[in-house]
Amino acid sequence: MDSILECQALTKRFGHFTALNQINLRIMPGRIIGLLGPNGSGKTTLIKLANGLLTPTEGQILVAGRKPGPETKSIVSYLPDKLYFDNWMHVNDCLKVFSDFYTDFDLAKAQDMLQTLRIDPKALFRTLSKGTKEKVQLALVMSRKARLYLLDEPIGGVDPASRDFILNTIITNYSKEGTVIISTHLIADIERVLDDAVFMMNGCIDRAESVENIRENYGKSVDEFFREVYKC
């Protein structure tokens, strides 16, 4: 089976700072993967490279066997760690943007998710709380029938009571033929939905293995394992 994401000696530098250092990684389709590590470990840089927003300094990154570009953007659904809709827009305007840009966008599905989230499609974006804005963006991203979902800190800006709902939204709405990569430092909150864990630290990938193996081999949860092995 071909990989959906592959990194080969991938390095990214910003001036004299090395954000990613000689990363090798192969991710197969149909999995939910946690990209785990503290802030500043390189998670966002890796996701931006996969989405074509950055270019490698050395090595390469491939999405479905291709370098990131227009062809891969059509199969990647990306949730950044920042808000990107303008405050003058209504939620309905956001729906229209996705409908116009993405042929795989399911408008009815997005509308249903917004209704479940109790978000008024007629609401102005600027009148919504930060957490609600992030929920709107998540609903749009998860309403695409993509092959690869890249979610950068999808629960970082919402209250704990909303996190379970958001995780359930992710696992019940992604395309079952697709792969989900969730970047977070809130490991305890997401590990129940993960198939695999990729641990990052200081721009390197220390290990990548299944959640089941971690629990069986070390007798610990993923969060406990990370806290013990990667403690400051």
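Of all residues being under 22 Å from the mean Cα position of the chain (by Cα) and in contact (Cβ under 8 Å) with a residue 40 or more places away in the chain in the stretch 118-133, which is surrounded by the fewest Cβ atoms within 10 Å (Cβ to Cβ)? Just the residue, please.
Going through the qualifying residues, I end up with 130.
Can you report the number of residues in the stretch 33-57 which are open to solvent by 10 Å² or more (accessible area, probe 1.4 Å) and in contact with a helix residue (DSSP H, G or I) (Cβ under 6 Å, 6 or more places away or on another chain)?
Of the residues in the stretch 33-57, 1 are open to solvent by 10 Å² or more (accessible area, probe 1.4 Å) and in contact with a helix residue (DSSP H, G or I) (Cβ under 6 Å, 6 or more places away or on another chain).
Would the stretch 59-66 turn up any residue that is touching a Ser or Thr at 6+ places or on another chain (Cβ under 7 Å) and of a type in the set (Gly, Ala, Ser)?
Narrowing the stretch 59-66 to residues touching a Ser or Thr at 6+ places or on another chain (Cβ under 7 Å): 59, 63-64, 66.
Then drop every residue that is not of a type in the set (Gly, Ala, Ser), which leaves 59, 64.
The answer is yes, given that some residue of the stretch 59-66 is touching a Ser or Thr at 6+ places or on another chain (Cβ under 7 Å) and of a type in the set (Gly, Ala, Ser).
Determine which single condition residue 142 fails, assuming it passes every other condition in (1) among the aliphatic types (A, V, I, L, M); (2) without any contact (Cβ under 8 Å) to a residue 60 or more places away in the chain; (3) within 22 Å of residue 51 (Cα to Cα).
Unmet condition: (2).
Just name the residue that is surrounded by the most Cβ atoms within 10 Å (Cβ to Cβ) out of those in the stretch 219-232 that are of a type in the set (Phe, Trp, Tyr) and assigned to a helix (DSSP H, G or I).
226
Name every residue in the stretch 66-78 that is part of a loop (DSSP other than H, G, I, E, B) and out of contact with any strand residue (DSSP E or B) (no Cβ under 8 Å at 6 or more places or on another chain), in order of residue number.
69, 74
Quick test for you: out of 182, 170, 190, pick the one residue that is surrounded by 16 or more Cβ atoms within 10 Å (Cβ to Cβ), modelled with pLDDT under 90, within 19 Å of residue 29 (Cβ to Cβ) and of a type in the set (A, V, I, L, M).
Unique residue meeting the criteria: 170.
Working only within the stretch 193-218, note down all residues that are open to solvent by 60 Å² or more (accessible area, probe 1.4 Å) and not in a strand (DSSP E or B).
Once the filter is applied, which keeps residues that are open to solvent by 60 Å² or more (accessible area, probe 1.4 Å) and not in a strand (DSSP E or B), the stretch 193-218 yields 202, 212, 213, 215, 216, 217, 218.
The values are calculated or read from the model by the stated rules, or taken from the named source; none is laboratory data. For clarity, every value in this text was computed on a predicted model and none was experimentally measured. Don't worry about glycine lacking a Cβ; one is built from the backbone with ideal geometry, like all the others, and counts go over all protein chains shown. Please note that ligands, DNA and RNA were not included when accessible areas were found on the heavy atoms of the full protein model with its side chains. Shrake-Rupley method; radii C 1.70, N 1.55, O 1.52, S 1.80 Å.
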